[in-house]
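Have a look at the structure below before the remarks.
Coordinate-derived values only; no laboratory data. Since the model is a prediction, treat every value here as computed from it, not as a measurement. Here the Cβ positions follow ideal geometry from the backbone for every residue, glycine too, while neighbour counts run over all protein chains shown.
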Amino acid sequence: MRFDNQVAIITGAASGLGRAYAITLAERGAKVVLIDICRAFDGECSLMGVSNKALKQTQSDVEALGAECLVFEFDISSPDCVISCVEQVIAHWGRVDILINNAGVHKTSSFESLSFKCWQRQLDVDLNGSFYLAKAVWPIMKCQGGGRIMMTTAASGLYGDTGETSFSTVKMALVGLVNSLSVEGREFDIRVNSLCPQALTDMTREHLAEPVRELFSVESISNAMVFLVGNQAPTGQHLLAAAGSYSYGKFAEFKPRFYAEGAATATKLADAWPRMNQALPVTFHRNGESQILEWARRSAAQYHVTID
């Protein structure tokens with residue numbers, strides 16, 4: 001799958017999966033925009049003077065492949081910097097075809113020990129940063145007739161984990177962002193999906209037991225990324241990828257139990273719960289409106305309301 005003449009923005013591009021994504025897309029003909037932060041960030045977004053050594057190495061490796069490359073150092077939690085960056089990309093190349101929101105922070109902490117500062121930083125980088133970039137490229141993708149946006153989630157967000165309150169919260173929030181943006185973007189061929197990856201990187205090394213580390217290759221994740229930003233990408237979908245395994249994730253509604261107005265009680269729900277949480281068939285809803293419509297249909301008859 002090729003990406004010739006396409007422009008791809010990648011955050012967290014200095015190392016780990018971001019670096020792997022950049023190299024993979026460059027190998028396939030894309031022009032890449034590398035974004036990461038430096039410790040000496042002063043609030044300015046500039047193409048000049050890359051000080052992040054890891055980011056500079058990624059740039060060097062990308063350019064060694066013969067790919068065109070722009071490099072930015074700034075904090076994606078700054079909306080002004082995000083806007084400035086995208087404006088510079090458009091001035092240089094005139095388009096943005098792919099946005100990969102990969103940047104994130106991670107610090108394990110019990111809920112009781114979690115500080116307000118750490119909580120806010122997690123939201124600012126992982127969630128707000130992804131929102132700012134998506135919002136900045138959205139009108140561009142609409143005008144050019146399409147685009148691809150990939151958000152990065154995590155197993156902790158989908159299922160929860162001890163010591164991962166802030167991390168899991170923002171990752172689950174990104175699932176909701178994907179769901180809504182994909183609905184709005186359909187008519188413009190803006191396809192928005194999420195990737196839930198697990199690979200051996202500096203961020204995850206401490207969380208993977210040594211005997212299994214080699215199973216979690218970066219390559220298998222890069223393959224999933226290529227699919228989600230390629231011309232055959234779905235939209236509004238959530239792909240889990242790790243250790244050579246790929247699976248599709250989606251929220252499902254089990255078969256409902258319906259009670260007439262006033263008939264349901266907390267005791268009845270408690271008694272029914274063992275059967276409710278495994279009742280088939282399972283229903284997948286296209287969007288929130290679909291779920292609301294189903295609720296209305298189940299209740300309409302007792303009020304003599306007809307729903308087409």
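What the table shows:
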quantity: Inter-part distance where region 152-169 and region 100-134 are each reduced to a Cα centre, Å; calculated: 11 Å
quantity: Inverse mean reciprocal Cα-Cα distance (Kirkwood Rh) of the chain, Å; calculated: 21.1 Å
quantity: Sum of side-chain charges, Met276 neighbourhood, beta-carbon under 15 Å (Lys, Arg +1; Asp, Glu -1); calculated: +3
quantity: Paramagnetic reach from Lys107 (point 7 Å along Cα→Cβ, amide N under 19 Å) across region 66-88; calculated: 75-78
quantity: Prolate/oblate/rounded label for region 103-157 (Cα gyration tensor, a/c 1.5); calculated: prolate
quantity: Surrounding net charge for Glu187, when Lys and Arg each add one and Asp and Glu each subtract one, Cβ distance under 15 Å; calculated: +2
quantity: Two-decimal Rg/Rh across region 1-147, once Rg and the Kirkwood Rh are taken from alpha-carbon atoms; calculated: 0.98
quantity: Linear extension gain, Ser290 paired with Ser115, 0.36 nm per residue minus alpha-carbon span; calculated: 59.2 nm
quantity: DSSP bridge pairs, the chain: antiparallel proportion in percent, nearest 5; calculated: 15 percent
